[in-house]
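Quick notes on the structure that follows.
Only the coordinates and a few stated rules stand behind these numbers; no lab work does. Worth saying up front: this structure is predicted, and the values here are computed from it rather than measured. No Cβ is skipped: glycine too gets one built from the backbone with ideal geometry, and neighbour counts run over all protein chains shown.
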Amino acid sequence: MTTPFYASPEQLVRDRSEYARKNIARGRDVAVLSYADGILFVAVNPSSALHKVSEIYDRIGFAAVGKYNEFENLRIAGVRYADMRGYAYDRSDVTGRGLANAFAQTLGGIFIENSKPYEVEVVVAELGTTVVDDQLYRLTYDGSVSDLSGYVAIGGQAETVGAALEASHAAGLELGAALHAAVEALQAGVAAAGNSTDAVADTGLEVAVLDRSRQGRTFRRITGPALAELLGA
Amino acid sequence: MPSFHDFLSGAAPELLPGRSGDGRLPLDTVRHGTTIVALICEGGVVIAGDRRATMGNVIAQRDIEKVFKADELSAIGIAGTAGIAVEMVRLFQVELEHYEKLEGRVLSLDGKANRLTTMIRGNLGMAMQGLAVVPLFVGYDEALGRGRIISYDVTGGRNDETGFHSVGSGSVFARGALKKRYHDGVTADEAVSLAVNALYDAADDDSATGGPDLTRGIFPVVAVVTADGYRRLSESEVGAVVETVVGERMTNPGG
């Protein structure tokens with residue numbers, strides 16, 4: 001008879017964390033930041049069909065890095081959660097905090113119970129009525145949540161991108177300036193990864209905003225000429 | 001399938017409109033909405049509804065709204081049991097938005113119309129007890145490049161209307177009025193005027209349809225759907241049309 005293999009909980013958690021981190025480290029980065037008229041999402045993403053940034057609800061946006069099918073699962077669950085809440089109660093009762101909690105429960109459960117954790121990092125952003133009311137939540141593969149203000153970066157080079165944003169981000173930036181800050185920070189991330197010297201704008205940028213000037217559904221993508229104009233400005 | 005209705009049926013069926021209740025309710029305890037008209041016009045479609053809700057012989061509400069935006073390119077007007085109808089519209093709006101968010105694209109107009117069929121059919125049990133909902137669905141069809149009107153019966157049977165259509169208790173009179181005045185290629189402005197005229201005629205002959213209430217400033221809800229999207233006319237825009245229509249009727253009551 002074979003002896004069952006024993007691994008201490010510390011060992012298990014360490015192994016899983018290492019596994020998830022290693023795979024997330026290969027992912028391209030996403031930067032999310034507040035600006036004067038909303039919240040800006042910028043992702044380095046060569047695909048225009050497979051999104052890393054998406055709409056969840058009226059004032060809630062979602063950004064993710066890692067394994068596509070896994071964060072897509074979370075996104076679908078998030079849309080269902082939000083639509084169900086909004087239908088059962090009221091649209092104003094759907095909050096980013098509630099959604100971040102739901103994601104944290106899911107990620108935390110999967111991290112412990114499944115044979116492998118989700119290799120994802122997620123940002124839930126909720127648009128406030130003013131810049132100071134904007135909420136950014138960063139969730140990691142093990143279900144930990146951090147509540148941030150101003151800006152957040154996720155992906156393989158999140159630290160480098162985050163440090164660059166720390167230096168360039170200021171409250172009340174205009175959209176164009178915020179986009180430039182994000183692109184520069186993402187470029188720093190690419191340089192730090194050391195595997196490419198291409199400009200991120202050439203690789204492909206996925207850009208979207210939660211627009212404070214809109215009523216109802218505030219999420220909109222910025223593509224094509226509108227994006228080129230902002231990048232050029 | 002990225003359907004919110006199907007998801008809700010599994011996850012929380014108690015939240016679906018019209019699920020529950022046996023036996024018959026006395027119908028004069030339930031609010032009923034009345035007349036909706038829709039006309040295809042140059043570049044899109046116009047939909048309008050009167051503002052009256054009745055409970056039996058009583059006017060239950062003077063300012064009910066029965067025309068709603070379904071999504072950017074479609075609108076829905078409802079006649080029948082107001083409580084269930086409004087809930088059905090709410091579910092329909094979430095259904096379209098839910099699909100759009102999950103799939104990253106908007107449903108085709110036929111796709112939207114078919115989803116509405118399913119919902120109306122889901123209410124068939126209630127309709128048999130007298131709590132029917134009959135919507136009128138309109139939208140701009142991007143594939144065809146024109147406005148469309150889709151009508152339903154209580155079983156969800158749908159029909160593409162050419163030109164114009166009307167539903168609700170005053171619809172016979174409204175349709176008669178439209179039949180005489182409507183012609184191909186009406187502009188959106190003309191269509192708005194025709195719609196207000198048709199609702200006036202409906203209110204003239206149907207006690208359950210409310211005419212424009214000049215003393216309280218309550219006018220029909222009128223919306224236009226074109227390639228540029230859904231636009232509900234402001235109170236002052238509708239007010240101006242209503243004044244013209246009522247002015248004309250002062251000298252010629254029959255229109």
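Numbers at a glance
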item: Calculated P(r) of chain A - Cα pairs past 29 Å, %; result: 26 percent
item: Alpha carbon convex hull of region A:7-72, volume per residue in cubic angstrom; result: 128 Å³
item: Computed [θ] at 222 nm, deg cm²/dmol, chain A (DSSP H ≥ 4; -39,500 (n - 2.57); rounded to nearest 500); result: -13500 deg cm²/dmol
item: Kyte-Doolittle mean at least -1.0 and Cα axial length at least 30 Å: DSSP H helices in chain B; result: B:82-103
item: For region A:1-75 and region B:88-109, distance of Cα centres in Å; result: 26 Å
item: Stokes-Einstein translational diffusion, region A:75-168 - Kirkwood Rh over all Cα pairs, 1.306 mPa s, 10 °C, in µm²/s; result: 110 µm²/s
item: Three principal axis lengths of region B:109-237 [C-alpha, angstrom, descending]; result: 40, 38, 27
item: Rounded D (µm²/s) - region B:142-211, Kirkwood Rh over Cα pairs, Stokes-Einstein at 20 °C, 1.002 mPa s; result: 163 µm²/s
item: Of every Cα-Cα pair in the protein assembly as shown, the percent that sits beyond 41 Å; result: 33 percent
item: Rg/Rh (Cα only; Kirkwood hydrodynamic radius) as it applies to region A:124-233; result: 0.96
item: Residue (of A:Ser149, A:Thr203, A:Ser115) at the positive-pole extreme of region A:27-232, dipole from beta-carbon charges; result: A:Ser115
item: 222 nm mean residue ellipticity, helices alone, for chain B (DSSP H n ≥ 4; -39,500 (n - 2.57); rounded to 500); result: -12000 deg cm²/dmol
item: Tail weight of P(r) past 34 Å, computed on alpha-carbon pairs of chain B, percent; result: 14 percent
item: Separation between Cα centres of region A:114-157 and region B:36-66, rounded to whole Å; result: 46 Å
